[in-house]
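Written below as structure tokens is the structure these notes are about.
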């Protein structure tokens, strides 16, 4: 472990926790606002979400612009989640969506706590997870043109769940072992948020494939 980055009483950990909670509140506000967004604006919002993410990646070292970008991304991301969650409510029901969310919270929290407390170094997972993410993207593109059976859809969803649990372990373990600065917080918050949201979405896909 790099002892120069070991957490101290005045470390950024508390600020990261507060920033993450505030960011979740902003995303929730975006989700609420999403119900009033006209259907024709969702495609531009998806594009804006991607642009904000790319800008954050290139500007993550500039704390002055990091937080406004982070909160803008969270709000837009929350708004774009509204039609997706509405879609799953229509096909599997609100109770199943809530169960999927609860399962995502429990599994994400458990994996994150383990990754933060373990003495194991999971840095080696980075390459495997990127390959898995590309494989998953390829399967989703194929599925767009050649619809899979319910078993195939369940397999894709299970792979997505495993990959984003893996990203959660990788990201949290790296933070715990190597530390971070306050300037890193906006991008860290976005990374953790994306790990959780993608885990939630693939659990929803798994429930929906099982319901077919």
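The values are calculated or read from the model by the stated rules, or taken from the named source; none is laboratory data. Computed from a prediction, not measured in an experiment: that's the story for all the values here. So basically every Cβ, Gly included, is an ideal-geometry build from the backbone, and we count neighbours across all protein chains shown.
Exactly one residue out of 122, 98 is buried (at least 17 other Cβ atoms within 10 Å of the Cβ) and either touching a strand residue (DSSP E or B) at 6+ places or on another chain (Cβ under 9 Å) or modelled with pLDDT of 90 or more (or both), and it is 122.
You will find that of 152, 160, 166, the residue that is more than 21 Å from residue 79 (Cα to Cα) and either more than 13 Å from the chain's Cα centre (by Cα) or without any contact (Cβ under 8 Å) to a residue 24 or more places away in the chain (or both) is 152 and no other. Within the range 29-41, residues that are farther than 16 Å from residue 74 by Cβ have Cβ atoms under 8 Å from residues that are surrounded by 14 or more Cβ atoms within 10 Å (Cβ to Cβ) in these pairs: 35/82; 39/83, counting only partners at least 6 apart in sequence or on another chain. Of everything in the range 170-212 that is touching a helix residue (DSSP H, G or I) at 6+ places or on another chain (Cβ under 8 Å) and not in a helix (DSSP H, G or I), the residue that is nearest to residue 113 (Cα to Cα) is 179.
Taking the stated definitions as given, is residue 40 in a helix (DSSP H, G or I) and buried (at least 16 other Cβ atoms within 10 Å of the Cβ)? So residue 40 does not fit the description; no. For the residues 161, 141, the requirement of being outside any loop (DSSP other than H, G, I, E, B), at pLDDT 85 or above and over 18 Å from residue 208 (Cβ atoms) singles out 141. What about residue 107, is it closer than 27 Å to residue 158 by Cα, at pLDDT 95 or above and assigned to a helix (DSSP H, G or I)? It is true that residue 107 is closer than 27 Å to residue 158 by Cα, at pLDDT 95 or above and assigned to a helix (DSSP H, G or I).
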